[in-house]
Amino acid sequence: MVLEISSTPEDKALINPWLETAARFLNMHARSGVSTSDLQVALVVHNAAAPDLLANPHYAVRYGLENPNAEMLSELMAAGVEIVLCGQSSASRDVPIENTVPGVQLALSAMTALIRYQDREYRLIKF
């Protein structure tokens with residue numbers, strides 16, 4: 001499964017519910033006996049959601065608080081979820097890859113990443 005995530009809550013102290021969807025997906029399957037090693041999940045993040053990938057120090061500079069998504073992002077990546085930042089959003093939203101939560105990957109664009117995942121037989125879930 002690949003999730004395309006482009007929106008974010010206005011209140012920057014809240015977890016992005018679209019990012020949380022991946023955690024709910026994994027947890028739902030785990031409760032049903034499916035191992036996370038049997039699931040392939042990727043999040044392709046772009047547009048207004050790009051700053052939600054910032055590491056705490058950089059998020060704090062921008063919003064004055066720690067990133068409420070940072071811990072969940074780290075846990076998702078520890079569970080094997082690939083988190084990909086759109087390179088175009090990285091540039092236009094001033095979110096350099098080196099300022100993101102460690103482990104976030106950079107793609108040329110969200111479109112490029114989505115096509116590549118779908119070529120690898122991932123199924124797109126778009127909200």
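The values are calculated or read from the model by the stated rules, or taken from the named source; none is laboratory data. Because the structure is predicted, anything quoted here is derived from the model rather than measured. Here the Cβ is made from the backbone with ideal geometry for all residues, glycine too, and neighbour counts use every protein chain on show.
Of the set (1) in contact (Cβ under 8 Å) with a residue 60 or more places away in the chain; (2) in a helix (DSSP H, G or I); (3) within 17 Å of residue 103 (Cβ to Cβ), all apply to residue 3 but (2). A single entry from 41, 95, 84 fulfils the requirement of being crowded, with 19+ Cβ neighbours inside 10 Å, of a type outside the set (D, E, K, R) and more than 11 Å from residue 3 (Cβ to Cβ): 95. Within segment 59-66, is there a residue that is at negative phi, touching a Leu at 6+ places or on another chain (Cβ under 6 Å) and either surrounded by 16 or more Cβ atoms within 10 Å (Cβ to Cβ) or modelled with pLDDT of 95 or more (or both)? Taking every residue of segment 59-66 in turn, none turns out to be at negative phi, touching a Leu at 6+ places or on another chain (Cβ under 6 Å) and either surrounded by 16 or more Cβ atoms within 10 Å (Cβ to Cβ) or modelled with pLDDT of 95 or more (or both). Residue 25 meets each of the listed conditions (1) within 14 Å of residue 79 (Cα to Cα); (2) at pLDDT 95 or above; (3) of a type in the set (Phe, Trp, Tyr) apart from (2).
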